2 protein chains.
Amino acid sequence: MQNTEEVLRTKKIKVTPQRMAVYSVLRDTRSHPNVEMIYKKLKPNYPAMSLATVYKTVDVLKKVGLIQELNVGEGGLRYDAFVEPHSHAYCESCSRVDDVESIPIEKIQDNNLFKKVREETGFTVNATQIFFYGFCPECQEKIEENV
Amino acid sequence: MQNTEEVLRTKKIKVTPQRMAVYSVLRDTRSHPNVEMIYKKLKPNYPAMSLATVYKTVDVLKKVGLIQELNVGEGGLRYDAFVEPHSHAYCESCSRVDDVESIPIEKIQDNNLFKKVREETGFTVNATQIFFYGFCPECQEKIEENV
DNA sequence: ATTTCTGCAAATGCTTTGCATTGCA
DNA sequence: TGCAATGCAAAGCATTTGCAGAAAT
């Protein structure tokens, strides 16, 4: 995997320790953290890091396409450095977000879905976002225990 | 179509003018308004109507299943009285939200998609939300004019 | 040297809350 | 009448902004 510094440089944005740190956190996890979670994770190693900087940084990373922003309803905005098209499962109990890779969005696109949407609505479509809402394995267990 | 008052009564919630008004607005439009839009629409006829009441009302209507809440990213929370499963197209320029009915979610469910998600992630899935992001016909024209 | 980023604090804006009053059942 | 909903103002929270100092190119 290309190192974080190189990746940022490729995108022609200034390379700062804060940006490397935020992007590294996102590259190293599959947990789709929100800004607060990123901040908490970084604080021990970067005591001077400001929450506002995390906000500004995810914004920059999003704009250059290094990360994607997920709007998961009550769970707020989450960030994901895995930018290949894929869908997500959201746990309505603990707000956990998992990747779903077995339903590849490319396949849906291949099925002429974008074209179909265009025919119906006149919209030109660039992207799609698919969410599955339900309960993660851990929360299912908890719910069963409480019966 | 059943009248608004009857529908509310069926759901065993208190029938008030404010609730009827909010629900009527949502039944009469396909524009997926947010709270602010609902409020503005009602203000001329209900000058005493408070924004807080609109917030509380959409919450109640959502809980009894009369409307659904759509989380459309930057456009915030939108409300829709059309609760049959369907997907949505979101205009990244003007925030307009259109229904997409030609891609029925039932069909996706029939394709064992929920089962597939469960096999991959362990999540039990109750619902899905599909968004198409792009530009609506009007905004496409505007963009072309400015070239 | 210049431009951009960071960190702080203040400001913003959307949403929620508390509570006295009103209104539905 | 009793309980729930409304409307107002205040509070709450996540996010954004302005700006002086710091850092990257």
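The values are calculated or read from the model by the stated rules, or taken from the named source; none is laboratory data. Bear in mind the structure is a predicted one, so any value in this text is a computation, not a measurement. Cβ atoms come from the backbone with ideal geometry, glycine included; neighbour counts cover every protein chain shown. Just so you know, the surface numbers come from the protein's heavy atoms only, side chains and all, with ligands and any DNA or RNA stripped out. Shrake-Rupley method; radii C 1.70, N 1.55, O 1.52, S 1.80 Å.
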Would you mind stating whether residue A:16 is more than 8 Å from DNA strand C (Cβ to nearest atom) and more than 14 Å from chain B (Cβ to nearest Cβ)? no
Run residue B:71 past the list (1) in contact with a Gly (Cβ under 9 Å, 6 or more places away or on another chain); (2) within 10 Å of DNA strand D (Cβ to nearest atom) and report the number of the one that doesn't hold. (2)
With respect to residue B:44, is the statement that it is more than 15 Å from DNA strand C (Cβ to nearest atom), open to solvent by 50 Å² or more (accessible area, probe 1.4 Å) and more than 14 Å from chain A (Cβ to nearest Cβ) true? yes
Out of contact with any Leu (no Cβ under 9 Å at 6 or more places or on another chain), more than 12 Å from every other protein chain (Cβ to nearest Cβ) and within 13 Å of DNA strand C (Cβ to nearest atom): does that describe residue B:79? no
When restricted to B:54, B:60, B:83, B:147, the only residue crowded, with 20+ Cβ neighbours inside 10 Å and farther than 17 Å from residue A:71 by Cβ is B:54
Could you tell me how many of the residues in the stretch A:119-139 are within 18 Å of residue A:100 (Cα to Cα), part of a helix (DSSP H, G or I) and at the interface with chain B (Cβ under 7 Å from one of its Cβ atoms)? 1
Considering (1) within 14 Å of DNA strand C (Cβ to nearest atom); (2) touching an Asp or Glu at 6+ places or on another chain (Cβ under 6 Å), say which one residue A:57 fails and leave the rest. (2)
Kindly state which strands (runs of 3 or more DSSP E) lie completely within the stretch B:3-103 and contain at least 2 residues that are not assigned by TED's automatic domain parsing to the domain that holds residue B:127. B:68-71, B:77-80
In the stretch B:19-38, residues that are more than 10 Å from DNA strand D (Cβ to nearest atom) and either within 14 Å of chain A (Cβ to nearest Cβ) or crowded, with 18+ Cβ neighbours inside 10 Å (or both) total 10
